[in-house]
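Okay, so here's the structure we're looking at.
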Amino acid sequence: MPNNLSNNTMLAVVYTRLLETRHKQMSLLNILEFPDPRLRTIAKPVVDVDNRIRTLINDMLETMYNAPGIGLAATQVNVHQRIVVMDLSEDANEPQIFINPEVEVLDDATCSNQEGCLSVPGFYETVDRPEHIRLKALDKDGKTFEMEPDGLMAVCIQHEIDHLNGKLFVDYLSAFKRERIKKKLEKLQRQQDNPS
Ligand code: QAP
Ligand code: CO
């Protein structure tokens, strides 16, 4: 221990750090997996963007980065409020938050993209969606913002808003493909629940 630092000063520093880390503590949330019926819940609009919501957002971001994923809707962590977190950056250092997101389709153009989902782990399928949209949402301070996202961002926000409406990307596939994914995931979930 550096002797120019008195014992009391050191204790003060340690205690301050402890308080800071306690303050910043985040939690990993459990991600629901298809075909869990709770993924079919329709989320309610956030009325007040308060500290409870901001704590939830931090936990959702940590859960998404840990997975790792590029987008996560509150529905997936069994919180049925209209909140989406996303980070499409290379270095996973550009978190984006969308509260009560709403999309308006601007024209008939569609694009097809390979999609995956943290709630459907290990499966990736092509889905067609509107290509040109306008997005309206609240930020983490409850302030309204608008944008016209394109590319991956447009795909991802539509995928996440689907979650808030109880919809999954597998719903766009044939019943045959969806059932096959369901059976395979149920088998994996049984193995995880009953390790032996
Ligand atoms: C939604 O998905 C999305 O299967 C976000 O084993 C994906 O973060 C929107 C993930 C693609 C548009 C295009 C999936 C991680 C992550 C898995 C994700 C997996 C591990 C998915
Ligand atoms: Co998803």
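The values are calculated or read from the model by the stated rules, or taken from the named source; none is laboratory data. None of the values given here were measured: they were computed from a predicted structure. Note that each Cβ is placed from the backbone with ideal geometry, even for glycine, and that neighbours are counted across all protein chains shown. Note: areas computed on protein heavy atoms with side chains; ligands, DNA, RNA excluded. Shrake-Rupley method; radii C 1.70, N 1.55, O 1.52, S 1.80 Å.
Rolling a 1.4 Å probe across all protein chains gives residue 179 an accessible area of roughly 80 Å². The apolar share of the surface of the chain, taken as the fraction of accessible area on carbon and sulfur atoms (1.4 Å probe, ligands and nucleic acids excluded), comes to 50 percent. With all protein chains kept in place, the per residue accessible area of the chain amounts to 61 square angstrom at a probe of 1.4 angstrom.
Segment residue 136..residue 54, full-extension length gain: 27.6 nm, with 0.36 nm per residue of separation and the alpha-carbon distance subtracted.
Report, in deg cm²/dmol and to the nearest 500, the calculated mean residue ellipticity at 222 nm for the chain, where each DSSP H run with n ≥ 4 adds -39500 (n - 2.57) and the sum is divided by the residue count. Write down the numbers at each step before the final one.
Details: 4 runs with 67 residues, N = 196.
Rounded to the nearest 500, the figure is -11500 deg cm²/dmol.
Taking all Cα pairs closer than 8 Å and separated by 6 or more residues, the relative contact order of the chain comes to 20 percent. Extending 7 Å from Cα along the Cβ direction at residue 42 and again at residue 92 yields two label points whose distance is 3.5 nm.
Counted over segment 29-84 with a bin width of 5 Å, the fraction of Cα pairs per bin, in whole percents, is 4, 20, 30, 24, 16, 4, 0. In terms of packing, defined here as the mean over residues of other Cβ atoms within 10 angstrom, the peptides 64-73, 33-42, 131-140 line up highest first as 64-73, 131-140, 33-42. Applying 0.36 nm per residue to the separation of residue 30 and residue 104 and subtracting their alpha-carbon distance, the gain on full extension is 23.5 nm.
In segment 71-196, a dipole from Cβ-located charges (positive for Lys and Arg, negative for Asp and Glu) runs towards its positive end, and of 119, 196, 72 it is 196 whose Cα lies farthest in that direction. In summary, the lysines within cross-link reach of residue 167, defined as a Cα separation below 19 angstrom excluding same-chain residues under 8 places away, comprise 44, 177, 182, 183. Averaging 1/r across all pairs of distinct Cα atoms in the chain and inverting the result yields a Kirkwood radius of 18.7 Å.
The slack in the chain from residue 128 to residue 150, taken as 0.36 nm per residue of separation less the alpha-carbon distance, amounts to 6.5 nm.
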